[in-house]
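Undergrad: Take this structure first; my questions come after.
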Amino acid sequence: MEEQTPILNLNRIKGGGGGIRRPLWVSVLILFTVIALFSLHINREYSIFSIPLDFISGRVGLVSGYQQKSCSDFFKQVPARKVVKSIRDFGGIGDGKTSNTKAFQRAMEFMARFTESGGSQLVVPKGRWLTGSFNLTSNFTLFLEYGAVILGSQDPNEWPIIDALPSYGRGRERLGARHISLIHGNGLTNVVITGENGTVDGQGKMWWDLWWNRTLVHTRGHLVELINSQNILIQNLTLMNSPFWTIHPIYCRNIVIRNMTILAPLNAPNTDGIDADSSLNVCIEDCYIESGDDLISVKSGWDHYGMKMARPSSNIIVRRVKGTTPTCSGVGIGSEMSGGVSNVLIEDLYVRDSAAGVRIKTDIGRGGYIVNITINNIRMERVKVPIRFSRGANDHPDEKWDPKALPKVRGIFISNVVSLESKRPPLLVGIEEAPFEDIHMKNISLFGLAPSMKWNCEFISGSSCSVFPAPCSQLLKNESTIQCPN
């Protein structure tokens, strides 16, 4: 029963000693309180003292003593599954060598019988379970026990070819169709993918080599992709070495992704952590991500295909995520945003050793909109460009794109940001024919920049207060849209 699953098996405390530890925690809490009160007297203006103590230490979401906000109620709890089976019941062998593709397919065919009669759960026990792609079913739980590892097949034929997504019009990397994800689902309801910190390893190097060698025929598959699905929970797992984007919910609603560790080599191409795409009510919280692309991305379709489908991403919450990506951003919005992106909250983010902290990217031909974006409580260390708004890579799906389709970017609120050892000042570049408007910044402290470095701004307008070093002239207005201290 997934509702009884521990959040992380690694957090279990074995043995006694509770009576000894209690006074230590009391002392620590008292010490934190004293430090916090002392900090308030040191400086009331700069944002570094308005960020919780866990952000000063870089320990996002790990300090107890206060009630953390959560959006996990986007997922409506499901009853215990009527049928529970092990992959061994279907002939699975967890030796890391034997193919279990048929075993997983047999298991899912069996589990589908209970979609309307109590639901089902497939347990993957400790072992190394090599498999090709398999499709989930509704009212279903995939549960990986501690020590369980699902390994992606090294045979490309076990990642079958499927149709391109209609909001993209083609594979994202190559024309035509694309490879299916390792764990796949379409049109599902009430699905849980969880466990006791089990692992799904896509073994993506084979696919990265194809990309590097320019011998890739079809767009690579994701590690987990859910399409046209609702009420989905993904939690308490480690996902690693995805061929392409790691978790990709698209045309979905009510998705919760929490307590996840997502890993890929830092040079692995396009291994985004979590990409929320044309989806509503998405909660991403308490995750650690290392990848070769954006840690988190919000998308909604590509050029005229995305505009035609008009499936926006809206009501997205990203909270308490930390990680590193040397080539991309902690959180990126776009550049595929042609169906529209609105009502996004990003808060309590920790990004280190990365190309950008937060980035908004779009381009001529995208159309669509990015509106009402709130970014709050961000801590960065050794990030090249802490805040970046920019054009994309001038990439379009085909020659049918419309150069007159201009995106609208409006209502971006960024507050309480601290960047240590910053390499470059913010780069905020809009589009001449469609300037970015209502950009508001408050309590921004960027340390490490040379005095000669200035913000680079074009085709934007907005306001700011308590920003160090001083922002560009386009943001020097102090308007009533944000409240600044006297």
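Undergrad: Which order do the peptides 420-427, 110-117, 216-223 come out in when sorted by mean C-beta neighbours inside 10 angstrom, highest first?
TA: Highest to lowest by the protection proxy: 216-223, 420-427, 110-117.
Undergrad: Got a number for carbon plus sulfur as a percent of segment 107-238's accessible area, 1.4 Å probe?
TA: Its accessible area is 50 percent carbon and sulfur atoms.
Undergrad: Let me ask something additional. Using every pair of alpha-carbon atoms in segment 136-193, split the distances into 5 Å bins beginning at 0 and state the percent of pairs per bin, rounded to integers.
TA: The distribution over segment 136-193 is 4, 15, 18, 19, 21, 15, 7, 2, 0, given as percents.
Undergrad: Quick one: putting +1 on the C-beta of Lys and Arg, -1 on the C-beta of Asp and Glu, what dipole do you get for segment 140-221 around its Cα centre, in Debye to the nearest 20?
TA: For segment 140-221, the charge dipole is close to 500 debye.
Undergrad: Enter the mean projected area of the convex hull around the alpha-carbon atoms of segment 294-481, in nm², rounded to one decimal.
TA: 9.6 nm²
Undergrad: Using alpha-carbon positions, what is the distance between the centroids of segment 328-404 and segment 411-475, in Å?
TA: First find each Cα centre; the distance between them is then 15 Å.
Undergrad: Please give the peptides 353-362, 432-441 ranked by average Cβ packing (other Cβ atoms within 10 Å per residue), highest first, as a rough proxy for protection.
TA: Most protected by this proxy first, the peptides run 353-362, 432-441.
Undergrad: Let me ask something else about it. Determine the per residue accessible area of segment 93-239 with all protein chains present and a 1.4 angstrom probe, expressed in square angstrom.
TA: 37 Å²
Undergrad: Here's something else I'd like to know. I'd like the accessible area for LYS408: 1.4 Å probe, protein heavy atoms, all chains in place, Å² to the nearest 10.
TA: 110 Å²
Undergrad: Per residue, how many Å² of accessible area does segment 294-481 show with a 1.4 Å probe?
TA: That works out to 36 Å² per residue.
Undergrad: Let me know the shape class of segment 215-371, please: from the alpha-carbon gyration tensor, a ≥ b ≥ c as square roots of the eigenvalues, rounded when a/c is under 1.5, otherwise prolate if a/b is greater than b/c, or oblate.
TA: rounded
Undergrad: Leaving ligands, DNA and RNA out of it, report the carbon-plus-sulfur percent of the accessible area of segment 294-481 at a 1.4 Å probe.
TA: 50 percent
Undergrad: Please arrange LYS477, LYS85 by accessible surface area, largest first, computed with a 1.4 Å probe and ligands excluded.
TA: LYS477, LYS85
The values are calculated or read from the model by the stated rules, or taken from the named source; none is laboratory data. Note that this is a predicted model, so its numbers are computed, not measured. Every residue, glycine as well, gets a Cβ built from its backbone with ideal geometry; the counts of neighbours run over all protein chains shown. Heavy atoms of the whole protein, side chains included, go into the accessibility calculation; ligands, DNA and RNA do not. Shrake-Rupley method; radii C 1.70, N 1.55, O 1.52, S 1.80 Å.
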